[in-house]
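The values are calculated or read from the model by the stated rules, or taken from the named source; none is laboratory data. Just so it is clear, the model here is predicted, and its values are computed rather than measured. Note: ideal-geometry Cβ built from the backbone for every residue, glycine included; neighbour counts use all protein chains shown.
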Amino acid sequence: MREKSYISDNLSLVEQAIHDACDAVGRRREEITLTAVTKTVEPSIINEAIACGVTHIGENRVQEFLAKKPFLNLDGVQTHLIGHLQTNKVRQIVGEVSMIQSVDSLRLAQMISDRAKSNDMTVPVLVEVNIGGEEQKSGVASTDVEELMYQLSPLSGIQVRGLMTVAPILHSEAEKRALFSKMYQLFIDIRAKNIDNILMQDLSMGMSGDYREAIMEGATIIRVGSAIFGKRQY
Ligand SMILES: *Cc1c(COP(=O)(O)O)cnc(C)c1O
């Protein structure tokens, strides 16, 4: 049996680190949304995190999330899909989460939009960017993001709220910050275009190993899993 209180201890540590990163660059804590990443975590533990004040959770896989959802105390909690979404799962997930952070193609966006329209809803989404240009990673190349935004603009079943990225594993603080800074530049460049239906208010970047650097470079959403729940057991 794991000690129950480790979740609240870990959350306090993460909270402190968020505050410190904000202080380092003169940002306010309220500018940052902590999304607790609950993939592989069982419902009772997720509920404990929620009882400790977690208000946003992120899950990677549609199947896993839908299986756990009936057991979660989601009152006042927002749910985000953060993992790669296959087009054949769109039908199941639209209407089940507050936001889809991982839109990485026009086709996927069109399918989400169509499904949302037939449910009479608008789905908030982020566009996932492969900022590190890594070969096997999902996400749109940074050079293609602007063009994609113009293509997403007319889709009335989605509302693009910003960008998301999973950074490559880098070891120095300087390298991490340089990459997140590149992402922030892209974010504000696109925001400056004022594209219809493309809001650019959220920048989701930073995980357990790099959320401090992400905050220092302008993240508004961080996605933290193992620093809260411990090492994942698959
Ligand atoms: C697993 C995952 C995270 C959290 O990773 P940790 O290193 O455990 O904090 C964040 N974002 C995405 C997309 C993930 O898949």
Q) Residues that are at negative phi, in contact with a Lys or Arg (Cβ under 9 Å, 6 or more places away or on another chain) and among the basic types (Lys, Arg): which helices (runs of 4 or more DSSP H) entirely in segment 165-231 hold 1 or more of them? A) 173-192, 211-216
Q. Pick from segment 37-55 the residues that are in contact with a Lys or Arg (Cβ under 8 Å, 6 or more places away or on another chain) and not in a loop (DSSP other than H, G, I, E, B): which of them is surrounded by the most Cβ atoms within 10 Å (Cβ to Cβ)?
A. Val37
Q: Answer with yes or no whether Gly58 is assigned to a loop (DSSP other than H, G, I, E, B) and either modelled with pLDDT under 95 or within 20 Å of the chain's Cα centre (by Cα) (or both).
A: no
(Q) Could you check segment 186-229 and list, in sequence order, the residues that are of a type outside the set (A, V, I, L, M, F, W, C) and more than 24 Å from Arg29 (Cβ to Cβ)? (A) Asp189, Lys193, Asn194, Asp196, Asn197
Q | Hits in segment 11-29 - residues which are part of a helix (DSSP H, G or I), out of contact with any Asp or Glu (no Cβ under 9 Å at 6 or more places or on another chain) and in contact (Cβ under 8 Å) with a residue 40 or more places away in the chain | A | Leu11, Leu13, Val14, Ala17, Ile18, Asp20, Ala24
Q. What are the residues in segment 183-234 that are crowded, with 16+ Cβ neighbours inside 10 Å, among the basic types (Lys, Arg) and more than 14 Å from the ligand (Cβ to nearest atom), if any?
A. Arg191
